[in-house]
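Worksheet: one structure, shown below.
The values are calculated or read from the model by the stated rules, or taken from the named source; none is laboratory data. Everything quoted here is computed from the prediction, not taken from an experiment. Glycine gets a Cβ as well: all are built from the backbone with ideal geometry, and neighbour counts include every protein chain shown. Remember, those area values only see protein heavy atoms, side chains included, never the ligands or the DNA or RNA. Shrake-Rupley method; radii C 1.70, N 1.55, O 1.52, S 1.80 Å.
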Amino acid sequence: METILTDCVHHSLRHFMYRNAIFMCERLCSEFPSETNLQLLAGCFLQNNQAYAAYHILKGTQMAQSRYLFAISCFQMDLLHDAEAALCPPNEPGAEIPNGAAGHYLLGLIYRYTDRRRSAIQHFQQALSLDPLMWCAYEELCVLGAAEDASSVFGEAAVLCIQKQCLHNRFENLHTLNDDLNSASARNNNPDDVRSRQSKQAQINNLRDIPTNYHGQVNLGGPASQIANGSSNISFYNTPSPVAAQNLQLSAIAPPPLCRNTQQNGSSLNSLGTDSSRSTVNSIIQAPRRKFVDEGKLRKISGRLFSDSGPRRSSRLAGEAGANTNASGAGAANNGTTNSTKYLGGSKLNSITFRSMAVRKGQSFANENIDEGIQNEAFDDSRSNASLSVSSSSPSSDNRTLEQGATKSVGGSLTNDAKIINGASEILGLLRILGEGFRLSCLFRCQDALDVYHKLPYKHYSTGWVLSQVGKVYFELVDYLEADRAFSLARHASPHSLEGMDVYSTVLYHLKEDMKLSYLAQELISTDRLAPQSWCAMGNCYSLQKDHETALKNFQRAVQLNPRFAYAHTLCGHEYVALEDFENGIKSYQSALRVDSRHYNSWYGLGMIYLRQEKFEFSEHHFRMAFQINPRSSVVMSYLGTSLHALKRSEDAMMMMEKAILADKKNPLPMYQKANILVSLERLDEALQVLEELKEYAPRESSVYALMGKIYKRRYMHEKAMLHFGLALDLKPSAADVATIKAAIEKLHVPDEIEDNL
């Protein structure tokens, strides 16, 4: 019953029928209460997004897998300290972290979100060392800015690690074989214990092991089988023993019964030979007629019999059948009858020989045609009785059969080493390119990241994930047109994926593509209205329409859906700043930094708030932090230079502006700020030269003409000053700038010294 319920639960989980899995697993735990079954029930609840149920089920459990599942439920419920205590019990400081690489990865996430960066990095690295294919651990290292070169992480050591894992999984059963060989020899002289286990195994598997004929009908009778002296009413359903491959002789191991019915009114087994030798008792148990098959037919039936039985089962059954040995089949008759192949399934020790043959061939024989006619030759009664008297032979020949079969299977497995190494090398070669591109993009080495991504084969480059990463790289390069193109291709390749769509919506916001942005937001909401990316796109859509309050509500919805989505917190901060609610803006930016301390946009947002509040030292600190994370951002360098200039550090400010101009010559901001610094240093000619050059890059920027008007005014060139002030007004600046420009026009003939005193 327990096996049936367990199989039903796994079947339901495989087919995503979670309600059925939970119901049947509750029946399983009620009937067979054990911590292992509780783990299965908790897993059902976790897959059904009911972490709270798994939490209460597993609370207080001690097994390693239970602690891991409990930690998963705690993590999903944001109970990070409880999750850490489950993985690393305080009273067991040296306890091993459960589930290997997966456990280390989960613990790394816990440390990351509790602001313990160094410990998080250690556990992510440990997870990668245990499983080089754990890509998510490498992603986290890249996000933390602590990832090593992908060529070293996914190098030769990783190939050897994968090869070791594959060989370990493949040879795990062969290691078990050696133990079973020893246990089979040790238990050879204890037939009573063997008989009891055989009886129990037959009762458990009676439904599966009932023999059938070729048409699938249950074979309830079979050949007549009685004890030699006719004093017992015990009937057996026996199977033939396989042939030893070494000497082409029939195996001496008699099979255990598949099913037997004992009648109470007949003589018992003990009455058959109370004081006889162990060999005599063993012979009597195997009294029914034995059927054999030719060696040439073994391969036709081996896969049919054992295709759905795991190697561990074969190894376990070997120990239970090792005590029953019989003489070699010298008395096999030639006149036999054709019987169901199910009769061949009871020889438990020789099932391992079948298994090793299947592994040695490297393929399953389940598709072989069993209708070719398997001849089972039966003993006559006289030969059967004669064979019973000599059935207590040594098991050494059978042990040799197993050892040789295991050796051959090892040899067959070793022939696949080259395929394993080649496959691992191909996978890791692909991961080296993807990993290096992602690492460089997280370090904001955007052009280098693009060069790496372009090395990918087309079939991988054209996937949604890669194209989204390329779009993000172009976004950081402030090349919004190319970013739009990459994200559009990503949407076409994977219209169901939301990867990077929050950034895509920001790209469309900067391009002022209100129609495309509105369409994208509607598409994302219809795809998944519980994803934060969908609500970020909707918020950007409203922000583009200057409806900042509605935009803020949408961004807050994104935060509510995923509090660990740093970009949603940052967008909330931007909207608070637009509403001039600086206090809540600071809180939103700080929340983003608690999730991701390397989210430079939040450092930049805090710097902008403090710059507007004229807290220049705070502003310089936060811009400096953003600059350390992203030293290639022209915008960050420009505002850092502005803060330095406000702190009367004009030389440092000029150096920073020069770096910003070199980083992005298309960005007009650093050139404009450089002109401002030159004006403050009374280097008016140089300032005019910079502004004339800037007019070519930004011909419709009103602030450029307004600053040129101020310079001409200070040089008493009133006509040119008036011309440039008028051009600035024609370009429709903001209301604040309009007021400033009109005030400058009114005071056009007032000297600057008098204007300053006023």
Inset, instruction - Could you go through region 634-645 in sequence order and give the Karplus-derived ³J(HN,Hα) for each residue, using 6.51 cos²θ - 1.76 cosθ + 1.60 with θ = phi - 60°, rounded to whole Hz, and x for Gly and Pro? - result: 5, 5, 4, 5, 5, 6, 5, x, 4, 5, 5, 5
Legend entry - Whole-number D in µm² s⁻¹ for region 704-757, Kirkwood Cα-pair radius fed into Stokes-Einstein, 20 °C, 1.002 mPa s: 196
Inset, instruction - Assuming R0 = 45 Å, can you tell me the calculated FRET efficiency for the pair L723 and T114, based on Cβ-Cβ distance, to the nearest 0.05? - result: 0.15
Legend entry - Per residue, in Å², the accessible surface of region 704-757 once ligands and nucleic acids are set aside, probe 1.4 Å: 61
Legend entry - At 1.002 mPa s and 20 °C, Stokes diffusion of region 1-98 via Kirkwood alpha-carbon radius, µm² per second: 157
Legend entry - Gain in span if fully extended, R19 to H454, counting 0.36 nm per residue against the direct Cα distance: 152.0 nm
Legend entry - Extension gain, A157 back to A698 (0.36 nm per residue minus Cα-Cα distance, nm): 189.5 nm
Legend entry - Accessible area (Å², per residue) of region 498-597, counting only protein heavy atoms and a probe of 1.4 Å: 46
Legend entry - region 498-597 - percent of accessible surface contributed by carbon and sulfur, probe 1.4 Å: 47
Inset, instruction - Between M77 and Q122, with labels modelled 7 Å along Cα→Cβ, what's the label distance in nm to one decimal, could you check? - result: 2.8
Legend entry - Per residue value of the accessible surface for region 1-107 (all protein chains in place, 1.4 Å probe), Å²: 53
Inset, instruction - Could you work out how far apart the two model spin labels at I525 and E26 are, taking each label as a point 7 Å from the Cα in the direction of the beta carbon, and quote it in nm? - result: 3.7
Legend entry - Mean separation of Cα contacts under 8 Å (6+ apart) over length of region 1-150, as relative contact order %: 12
Legend entry - Mean Cβ count within 10 Å, highest first, over the residues of peptides 1-8, 485-492: 485-492, 1-8
Inset, instruction - Give, in nm to one decimal, the length gained when the segment between K747 and M655 is fully stretched (0.36 nm per residue of separation minus the Cα-Cα distance). - result: 29.7 nm
Legend entry - Listed residue pairs exceeding 32 Å between alpha carbons, taken from K587/K695; K648/K720; K553/K648; K665/K732: K587/K695; K553/K648
Inset, instruction - Let me know the charge dipole size of region 663-758 about its Cα centre in debye, to the nearest 20, where only the beta-carbon of Lys, Arg (+1) and Asp, Glu (-1) is charged. - result: 220
Inset, instruction - Kindly write out, for region 493-510 in residue order, the coupling ³J(HN,Hα) from the Karplus curve 6.51 cos²θ - 1.76 cosθ + 1.60 (θ = phi - 60°), rounded to whole Hz, with x marking Gly and Pro. - result: 6, 9, x, 8, 8, 9, 4, x, 5, 5, 5, 4, 5, 5, 4, 5, 4, 5
Inset, instruction - With all distinct Cα pairs included, what does the Kirkwood hydrodynamic radius of region 61-141 come out to in Å, to one decimal, could you say? - result: 12.4
Inset, instruction - Work out the P(r) tail for region 498-597: percent of alpha carbon pairs separated by more than 20 Å, whole number. - result: 29
Inset, instruction - In whole Hz, with x marking every Gly and Pro, tabulate ³J(HN,Hα) for region 658-665 from phi via Karplus 6.51 cos²θ - 1.76 cosθ + 1.60, θ = phi - 60°. - result: 4, 5, 5, 5, 5, 5, 8, 6
Legend entry - A578-H510 FRET efficiency (beta carbon distance; Förster radius 22 Å; 0.05 resolution): 0.90
